[in-house]
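Read through the structure below, which is laid out as structure tokens, and then see the notes.
The values are calculated or read from the model by the stated rules, or taken from the named source; none is laboratory data. All values reported here derive from a predicted model rather than from experimental measurement. Cβ placement follows ideal geometry from the backbone for every residue including glycine, while neighbour counts extend to all protein chains displayed. Only protein heavy atoms, including side chains, enter the accessible area calculation; ligands, DNA and RNA are left aside. Shrake-Rupley method; radii C 1.70, N 1.55, O 1.52, S 1.80 Å.
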Amino acid sequence: MLPALEMAGWVMSGLSLLVLVPVLLLLLQVLAALLPRAESRSTLASSADPRARVAVLMPAHDEATGILEPLRSVLPQLQARDRVLVVADNCSDDTASVAAAAGAEVVQRQDSVRRGKGYALDFGVRHLQADPPDVVVIVDADCIVAPGSLDLLVRHCHRTGRATQALYRMHAPPRSGLKIRMAEFAWIVKNHVRPLGYARLGLPCQLMGTGMAFPWEQLRSAPLASGHIVEDMQLGLDLATAGHAPQFLVDAGVSSSFPSNAEGLQAQRTRWEHGHLRVIAAAGPRLLARAIATWQPSLAALVLDLCVPPLASLVLGLSGWWVATAAFWFVGGAVWPLVLSSSALSLLGVAVLAAWAGFGRSAVSLWELSTAPLYVLRKIPMYLKLLRKRQVEWVRTKRDDGRA
């Protein structure tokens with residue numbers, strides 16, 4: 001073998017080992033999630049004991065037609081000293097009056113420059129400072145809080161002194177096409193299987209944007225005021241860096257639905273995946289180096305989890321790398337890069353099938369799952385857009401009724 005090809009073989013083998021890491025981590029998380037369930041620690045606190053005082057913080061932008069159901073899911077779960085605060089943020093509709101009529105405390109914010117959920121949350125926290133609660137629970141204005149979940153979240157958060165993330169489900173609307181149901185399956189893997197696997201191993205989880213409980217002192221000092229398009233992910237990393245990595249509580253649940261219109265779904269997926277990939281590139285290596293240098297295992301675990309790309313991009317990236325290693329072997333290069341990339345693809349297939357068998361049967365059938373490569377190929381334009389023009393500003397998802 002020519003010296004140049006031999007050197008290239010070593011480089012490609014090293015890169016193949018590198019791309020194997022997120023696949024092995026995903027497989028570990030899936031297998032851990034499939035372990036028999038132990039008794040939930042959330043049941044250890046008696047519901048008869050006094051509960052910490054809670055404020056439910058609900059940021060809302062033009063949610064007049066949809067905010068009633070989320071409020072009705074929250075209000076019956078409040079106790080005498082609790083409150084729900086709706087931040088009507090840059091609204092052009094009747095969100096504030098509808099929320100107030102339903103029984104919520106409402107503050108309004110207007111700022112055409114500083115736009116985004118992070119700014120709304122910061123505004124709400126500043127308002128709560130006059131009469132601070134013990135725990136703040138953040139719930140999006142399109143999310144339903146399952147009965148009993150508020151109590152579980154607050155008790156767990158207050159007992160552990162750490163941010164607590166509920167299971168956040170997103171459902172495909174009735175009679176949805178395969179594209180939306182495949183998105184639901186990918187969501188199950190990301191927001192249920194992977195954090196559950198980490199929790200079974202005693203490791204932290206990413207924050208998911210809603211269904212999040214925080215000790216007041218930690219949230220009060222958190223850098224919330226930003227237009228970051230994945231502000232929840234960034235907040236979780238900030239807390240972990242400060243030694244307060246979030247925990248996952250599968251027994252508590254919040255839920256929402258994917259938009260059924262194609263434009264809304266595409267905008268939502270673009271925001272999430274561009275934001276995730278942006279955080280991986282901007283913070284992943286730096287925070288991993290910091291976690292190792294300062295010996296912070298929880299932060300290291302969270303950063304490694306962060307570096308597992310969204311499922312579709314992981315499949316697409318590994319497939320492209322397999323083609324590159326196969327071409328390299330075909331022209332006379334080393335075979336090891338191809339062996340490693342083939343192993344990565346095979347293990348990814350095992351992880352996806354195991355996740356489907358354990359958790360995803362309600363979203364797609366096995367036959368439909370076998371068409372996943374076609375679903376992934378249709379997302380190539382979104383990733384090309386990432387290379388040409390990244391989405392770096394917060395944009396509200398377009399609703400099914402046409403609201404933006």
TODO: Just name the residue that is most open to solvent (accessible area, probe 1.4 Å) out of those in region 325-361 that are assigned to a loop (DSSP other than H, G, I, E, B) and touching a Gly at 6+ places or on another chain (Cβ under 9 Å).
DONE: Val335
Task: Residue check, Val23 within 29 Å of Gly202 (Cα to Cα), open to solvent by less than 60 Å² (accessible area, probe 1.4 Å), at pLDDT 90 or above and in contact with a Phe, Trp or Tyr (Cβ under 7 Å, 6 or more places away or on another chain) - done: no
Open item on the list: I'm trying to understand the selection: among the residues of region 362-394, which are modelled with pLDDT of 85 or more, in a helix (DSSP H, G or I) and surrounded by 13 or more Cβ atoms within 10 Å (Cβ to Cβ)?
Closed with: Glu368, Leu369
Open item on the list: So if I check each of Gly197, Gly209, which one is within 29 Å of Leu366 (Cβ to Cβ), open to solvent by less than 10 Å² (accessible area, probe 1.4 Å) and within 19 Å of the chain's Cα centre (by Cα)?
Closed with: Gly197
TODO: Any chance you could count how many residues in region 104-142 are in contact with a helix residue (DSSP H, G or I) (Cβ under 8 Å, 6 or more places away or on another chain) and open to solvent by 60 Å² or more (accessible area, probe 1.4 Å)?
DONE: 3
- [ ] Starting from region 334-360, keep only residues that are over 17 Å from Pro373 (Cβ atoms), then list their pairs with residues that are outside any helix (DSSP H, G or I) and open to solvent by 40 Å² or more (accessible area, probe 1.4 Å) whose Cβ atoms are within a distance under 9 Å, requiring at least 6 positions of separation or different chains.
- [x] Ala334/Met1; Ala354/Leu34; Ala357/Leu34; Gly358/Leu34; Phe359/Leu34
- [ ] Filter region 171-194 down to residues that are farther than 19 Å from Leu31 by Cβ and under 11 Å from the mean Cα position of the chain (by Cα), then give me how many there are.
- [x] 1
TODO: Would you mind stating whether Val250 is touching a residue at least 60 places away in the same chain (Cβ under 8 Å) and open to solvent by less than 10 Å² (accessible area, probe 1.4 Å)?
DONE: no
Open item on the list: Any residue at all in region 283-303 that's in a loop (DSSP other than H, G, I, E, B), open to solvent by 40 Å² or more (accessible area, probe 1.4 Å) and hydroxyl-bearing (Ser, Thr, Tyr)?
Closed with: yes
TODO: Considering only region 61-89, state which residues are polar (S, T, N, Q) and crowded, with 19+ Cβ neighbours inside 10 Å.
DONE: Ser73, Gln77
Task: Filter result for the condition that a residue is touching a Lys or Arg at 6+ places or on another chain (Cβ under 7 Å), under 21 Å from Val154 (Cβ atoms) and among the aliphatic types (A, V, I, L, M), over Val74, Val87 - done: Val87
TODO: Return yes when Ala312 is touching a Lys or Arg at 6+ places or on another chain (Cβ under 6 Å) and either at pLDDT below 90 or within 14 Å of Met12 (Cα to Cα) (or both) and no when it is not.
DONE: yes
- [ ] Looking only at region 227-245, decide whether some residue is at pLDDT 90 or above, charged (D, E, K, R), farther than 27 Å from Arg181 by Cα and not in a strand (DSSP E or B).
- [x] no
Open item on the list: What's the number of the only condition in (1) more than 26 Å from Val74 (Cβ to Cβ); (2) modelled with pLDDT under 95; (3) in a helix (DSSP H, G or I) that Trp187 fails to meet?
Closed with: (1)
- [ ] Return the residue satisfying two criteria in turn: it lies in region 26-47 and is in a helix (DSSP H, G or I) and at pLDDT below 90, and of such residues it is most open to solvent (accessible area, probe 1.4 Å).
- [x] Arg41
Open item on the list: I'd like to know if region 70-80 contains one or more residues that are farther than 30 Å from Gly197 by Cα and modelled with pLDDT under 95.
Closed with: yes
Open item on the list: When you check Trp322 against the structure, is it touching a residue at least 40 places away in the same chain (Cβ under 8 Å), among the aromatic types (Phe, Trp, Tyr) and either over 30 Å from Asp232 (Cα atoms) or open to solvent by less than 20 Å² (accessible area, probe 1.4 Å) (or both), yes or no?
Closed with: no
